[in-house]
Amino acid sequence: MFKIKKEQLFFSAYLLVAFYPRLGSIDVINVQFLFLSIVGLTHFFYNVFKDFHKTEYNIVVFLFFLIFCFSLLSYIPAFNLPEAVIDSSKLFTLFLILINVYQSIKQNPKLLDFAFKLICFSLFIEVAAILATFITNYNLTIAEKIGRNPVYRGLSGNINIAGFALSLKSTILIYFIQKSKSNFNKAGLVILLLLTFFCISLTGSRGALLSIYVIILIFTILNIKIFLNTNNREYLFKTLFYIIPFSFIFLLTELVFDTLRMSYRTSQIIARGSESRLDYWQSTIQAILDYPILGLGMGNWKILSISYGTEYIKDYVVPHFSHNDFLQFTAEVGVLGGLLFLAIPLYVIFIILKNYVIQNKSIFDYRFVFILLAIVVYCIDSSLNFPISRPLQVVPYVVLLAIAVGYYNKDSIGYVNKVFQSKAFIFLIGILGLSSIYVSLLNYDSSKDQIHLFLDYNNHNFDKPIEIVETWNDKFPSITQTGMPIKALKAHYYYQSGDTLTAIKILKNPPKNDNPFLGVYEGKLGQIYYDLEMIDSSYKYSRLAYNKLSKNLLHAGYLMNSLVELQYEDEMNEVFYRNKNYEEEGLWHNYIRGIYNPAFNTNKDTLLFYLKKARKLFPENDFIKIAKQEQEFGIANIDQAEFNAGLGSKYFDSGDNKNAYTYYDIAHQLLPTEYAYLQNMSLSKINMGEYDEALKMLNYAIDSLIIPRDNGRIYAIRGGVLLLQKDTYNACRDFIVGTKKKDKLSENFLLNNCQLYLSEIQLIE
């Protein structure tokens, strides 16, 4: 009977982190770090109980602990101390995993293969999760030709994380493919590798593809080196186990799944090197220059990055990560800490390469080639993304680091061994471990409340009972995971509940160190004072918010409200011209409201130009529609058109289609841009049996006039005419369009007359 050892349980808890439940958290990483902190401390004391801690320690273990110490020193300059504590506690949890795995692997080297098996098992489940989504949404790729899609994130937070996680674990899978003696097992593992590459193509991750190309290059070079040392030609062909499956999927996406073409995503690695990342890196480098000694504080980049990126931050989409862990860590803890952080993977890669030793003249310990490849993939990921914040990626990396340095233990330091084996160190780890668990628990509890904050803010509905809102912790952490100050968000609930004074009091007395750079406090005050018709105060606070984030459309909208009322034309133009290309309806609405005011003396041609553009951008906006009609045709024409359209409707309801058409036509002549008159004219013609005339009017209205995006009825009417003319194909196309716009008549026509188009009906359903 197979017996699971306690060390294997600990390893399983680390490497199967992808399967941890969310447990009501806004992000599963909060649950993952909480569980990992508990497991890590438990594993540490288990090793102490077994005397596993009485071993020699590699310099890498010491360096990792030293990096943690640098994170503690960064508390000194930290702007937001809770964020520094939270992130340093996560770093300590990773240190616990490193030292625990190191101690365990020193006592039982056979755990290496068990760790490899766990990584491959995790890969199998992650691939299965993505494939299940692909099968469920098969029509997205095959019928609708939709390529890269966020639904293919699998068990991870997004598709880029999924792509890199698969790429890293594929390096370990290659080990088992080459080790397997059974052709059946080897075939099964190759199929898993094929599916892994296909799932990477579904994610469309350019970084993951880059890592695959780097794997192929390094793997080839290493195998050539081994061949030169051993004269064993078998090594020259080992890279093919990786190249052939990848090439097969590459060709498959080219020939069958053209929207998933790897060649296109590969070309984008260079052709579209992500301008936003370049902006983030430039800002991070500037922060390093500004804070070279102690950094700006662990976990504080998500806050201070705003002050470096006001020119490219839109709305509240803050660069929480610099998309380069090496740069961000350096910015947060200082240059020395950052160099040590970079030195760890480089040193491990170095010792693996250095210890290419031929044992028994012909046998090479090949496992460490795959550890090296996995570490390289992680370094690529760290150079482009933020894997240190995601246990799905960083935990396998830390485990593999510990295995590598535990195996090659030739660089231990005497005094480090004494310190790490001492009772004082054990006591210190116990205190830090318990503190880490407590911090993770507080963060997890807050993350459950943050779901309400996130959903309510996005839905613009703050109707939770104040009694519940008051229980939400706004001190630790003081900001949400997206960087929004929790206290400011709580004020929204007070305001909606009618307690305006309390809301204003909260917003006027913000904590000094949560996140003042977003302007959330000032922006909400600007809105409240506008609602209270205190325009000067609204202008004051809206201007403060706008100055902090000028490309935040909420701030621009609040400021525009007061500028229109105060008739500050120059400022209004400046705000509009800066943000007009974002095509946000509220901004355009207020600008049109301002320039349409006679007090602004706007040039007629300029006014008409913006009215026409706004009408096309926002066809559902009645104010813009009426303003444009008044400017083009005059108020008298609008009144007469409405009067005649009313008469037409009376005749239509009484069955007098001829007179109905006449009055609708008069209305149309007065307001030729109003599609509704043409639609009603066509209905009159249909009732009179003049289908060709009706079709001409409908074609003109649909092709030449502005129709609200959600109006599907006009397509149902035109489709009905086409059906009467026996043009079933085009009729059904109109019914499909109408059905997509939620028009019930179109849906009924479609189901009753278009049985030949069942596949398209299924797509809609």
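Bear in mind that the values in this text are calculations on the coordinates, not laboratory data. In this text, all values refer to a predicted model and were calculated from it rather than measured experimentally. Backbone-built Cβ (ideal geometry, glycine too); neighbour counts: all protein chains shown.
The calculated FRET efficiency for the pair Ile125 and Asp51, based on their C-beta separation and a Förster distance of 45 Å, comes to about 0.80.
Extension gain for the segment Asn753 to Ile135, taken as residue separation times 0.36 nm less the Cα-Cα distance, is 219.5 nm to one decimal.
Based on alpha carbons, the Rg and Dmax found for the stretch 25-109 are 14.5, 44 Å. Size descriptors for the stretch 635-764, from the alpha-carbon set: Rg then Dmax equal 15.4, 51 Å. With Cα atoms defining each centre, the stretch 224-245 and the stretch 622-680 are spaced 79 Å apart in the structure. With the highest mean first, a sort of the peptides 469-480, 392-403 on other beta-carbon atoms found within 10 angstrom per residue produces 392-403, 469-480. A Förster distance of 35 Å, applied to the separation of the beta-carbon atoms of Ala636 and Leu724, puts the FRET efficiency at 0.35.
Computed over all pairs of different Cα atoms, the Kirkwood value for the hydrodynamic radius of the stretch 487-559 is 11.9 Å. To the nearest ten degrees, helix 691-704 and the longest principal axis of the Cα atoms of the chain are 50 degrees apart. Over all Cα atoms in the stretch 448-620, the spread is summed up by Rg and Dmax: 17.6, 56 Å. The distance from the alpha carbon centre of the stretch 481-511 to that of the stretch 551-607 is 27 Å, rounded to a whole number.
Note down the Stokes-Einstein diffusion coefficient of the stretch 364-425 in µm²/s, whole number, using a Kirkwood radius over alpha carbon pairs, 4 °C, and 1.567 mPa s. The diffusion coefficient I find is 95 µm²/s.
By the Cβ-Cβ criterion of under 4.7 Å, the unpaired cysteines of the chain are Cys69, Cys120, Cys199, Cys379. Multiplying the residue separation of Ser276 and Leu9 by 0.36 nm and removing their Cα-Cα distance gives an extension gain of 91.9 nm.
The equivalent ellipsoid that matches the C-alpha gyration tensor of the chain spans semi-axes of 59, 36, 22 angstrom, in descending order. Listed by Cβ neighbour count within 10 Å, with the fewest neighbours leading, Met484, Met697, Met298 appear as Met484, Met697, Met298. Once both axes come from the Cα atoms, what is the angle between helix 535-548 and the longest principal axis of the chain, in degrees from 0 to 90, rounded to 10? Tilt relative to the chain: about 40 degrees.
Taking R0 as 45 Å, what's the FRET efficiency between Phe427 and Tyr577 from their Cβ-Cβ distance, rounded to 0.05? Efficiency at R0 = 45 Å is approximately 0.10. Sorting the segments 202-214, 528-540 by their mean number of nearby beta carbons within 10 angstrom, highest to lowest, gives 202-214, 528-540. One chain, two ends: Leu532 and Leu217. Fully extended at 0.36 nm per residue, the span grows by 106.8 nm beyond their Cα-Cα distance.
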